[in-house]
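Notes for the one structure printed next.
The values are calculated or read from the model by the stated rules, or taken from the named source; none is laboratory data. This one's a predicted model, so the numbers in the text were calculated from it and none came from an experiment. Cβ placement follows ideal geometry from the backbone for every residue including glycine, while neighbour counts extend to all protein chains displayed.
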Amino acid sequence: MSHNAHCLILPYPIQGHINPMLQFSKRLQSKNVKITIAATKFFLKTMQELSTPVSIEAISDGYDDGGIGQAESFAAYITRFKEVGSNTLSQLIETLTTRGYPVNCIVYDPFLPWAVEVAKKYGLASAAFFTQSCAVDNIYYHVHNGVLKLPPTEVDEEISIPGLVTIESSDVPSFVSTPESARALEMLVNQFSNLENIDWVLINSFYELEKEVIDWMSKLYPIKTIGPTIPSIYLDKRLPDDKEYGLSIFKPMTNECPNWLNHQPISSVVYVSFGSLTKLEPEQMEELAWGLKSSNKNFLWVVRSTEESKLPNNFLEELASEKGLVVSWCLQLQVLEHKSIGCFLTHCGWNSTLEAISLGVPMVAMPQWSDQPTNAKLVEDVWGMGVRAKQDEKGILRREVIEECIRRVMEEEKGKIITENAKKWKELARKAVDEGGSSDRNIEEFVSKLVTISY
Ligand code: UDP
């Protein structure tokens, strides 16, 4: 089959970045764009076998046997990835050309800004793909241009940034508020280092969700929102051949969850997950376990195998067997879509937040780090789709707070408003990616411009 264009997709090799880029790739492919994903050798080794309809090729980050875990520091990883990655990505572009599939655009994760230099070397177009919300991108932009000074001096200091509601110090991403994350912050701020030289800035969000901030940032950069990047099998209109879920580094327990959920009443279950990276303090894990128990709700809790030893003694045998199911990984969208789910107790990773929005599931936000505090602020105060559980002075969310938040979302008057808002956002998210919706139009425009670029 002849294609209109060929995009080489370069994700940063973590679950939360590769998933949205894969889903976006599938949308492009449905519009007759050839896709090649360049994933690191180590990431490919760790991936569970889930088929994908797009082709994947290996590049090297210089740590083929252990990925970032093999590097002596985060800074060393990023430096070596740039060095080795630039070379192996170049080799891949040349190999694809030799095979008769020349590339005409690199869609890269801005955690890896050196991809722009590779694109320029071969005269290719380039598009940055931001996997965070536009609000969070805007905060990092304001650190980049020196307007947001670090770290905020007072705990409750109010921060005004154009395009955003007023936020407090506790709402900014943790990398901004904690000086010890300087290297990570440098990488996040560097996302903006060479955007002047690129053709598009793609953001995994949708216009209706973040209008003001998108309008503001669009004055600076050629922004196109293309989300939510939910597989079409969970939306109203299914893309041809969109069967599989995605790529996962963890093995999902496929049948346990739907089998168990099928036996629970409608909207009765709290789904609990902290995504692929977040580690809870053992004390926090214990508070959460008791908070779930005292809420007296049914629960489905994803506890990754590396976190399991932090569960209270006998929790699995006694408490979980009565009211809950604990799994090491699940197909999250399949769970969120289930009619028995009444609320999502989430760390507010951006993918999880967008997935809850797209499937209309009210949230209890338990942000831990990274961009999660900002996402939690938006969930509660801007989109009215949940409540944010507040930590004590030790940074722990206590069991009474967790219990109360679950009850507020699932039982009381406030819960009704949250549920109505959840329905509204679900509708708007689906419209955005449906034919003629804001994100669909942006993807169409991206593709029609792409095909005019000779290669
Ligand atoms: N996820 C999943 N099964 C699980 C837990 C999470 O498939 O049991 C997926 C979830 O659907 C989301 C991703 O893992 O797409 C997590 O991304 P997010 O940005 O929410 O958090 P991160 O892992 O980056 O902290």
| request: Scan the stretch 327-337 and give yes if some residue there is modelled with pLDDT of 95 or more and part of a strand (DSSP E or B), otherwise no. | output: no
| request: Tell me which residues, restricted to the stretch 283-295, are surrounded by fewer than 18 Cβ atoms within 10 Å (Cβ to Cβ) and either within 16 Å of the ligand (Cβ to nearest atom) or at pLDDT 95 or above (or both). | output: Glu283
| note | Counted residues in the stretch 418-450 being touching a residue at least 40 places away in the same chain (Cβ under 8 Å), touching a helix residue (DSSP H, G or I) at 6+ places or on another chain (Cβ under 9 Å) and part of a helix (DSSP H, G or I) come to 18
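Within 23 Å of Arg441 (Cα to Cα), crowded, with 16+ Cβ neighbours inside 10 Å and within 15 Å of the ligand (Cβ to nearest atom): is that true of Lys31 in this structure? Give the steps one after another, and end with the answer.
On the way: within 23 Å of Arg441 (Cα to Cα): yes; crowded, with 16+ Cβ neighbours inside 10 Å: yes; within 15 Å of the ligand (Cβ to nearest atom): no.
Taking the combined requirement at face value, the residue does not satisfy it.
Tell me, which helices (runs of 4 or more DSSP H) lie completely within the stretch 94-192 with 1 or more residues that are in contact (Cβ under 8 Å) with a residue 12 or more places away in the chain and within 30 Å of His3 (Cα to Cα)?
Where helices (runs of 4 or more DSSP H) fall fully within the stretch 94-192 and carry at least 1 residues being in contact (Cβ under 8 Å) with a residue 12 or more places away in the chain and within 30 Å of His3 (Cα to Cα), they are 115-121.
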| message | Considering only residues that are without any contact (Cβ under 8 Å) to a residue 12 or more places away in the chain and among the β-branched types (Val, Ile, Thr), which ones fall in the stretch 1-32? | response | none
| said: For Leu331, only one of the following conditions fails: (1) away from the ligand (no atom under 11 Å from the Cβ); (2) out of contact with any Leu (no Cβ under 9 Å at 6 or more places or on another chain); (3) closer than 30 Å to Ile68 by Cα; (4) touching a residue at least 40 places away in the same chain (Cβ under 8 Å). What is its number? | reply: (1)
| request: Search the stretch 346-356 for residues being among the hydrophobic types (A, V, I, L, M, F, W, C) and touching a strand residue (DSSP E or B) at 6+ places or on another chain (Cβ under 9 Å), and hand back the single one that is farthest from the ligand (Cβ to nearest atom). | output: Ala356
| field | Residue check, Gly66 more than 16 Å from the ligand (Cβ to nearest atom) and buried (at least 16 other Cβ atoms within 10 Å of the Cβ) | value | no
| query | Of all residues in the stretch 357-376 being surrounded by 24 or more Cβ atoms within 10 Å (Cβ to Cβ) and in a loop (DSSP other than H, G, I, E, B), which is farthest from the ligand (Cβ to nearest atom)? | reply | Pro362
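Specify which of the listed residues (Leu345, Leu354) is at pLDDT 95 or above, assigned to a strand (DSSP E or B) and out of contact with any helix residue (DSSP H, G or I) (no Cβ under 6 Å at 6 or more places or on another chain).
The conditions single out Leu345.
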| note | Quick count over the stretch 33-67, residues being of a type in the set (Gly, Ala, Ser), farther than 30 Å from Val451 by Cα and either assigned to a helix (DSSP H, G or I) or touching a residue at least 40 places away in the same chain (Cβ under 8 Å) (or both), is 1
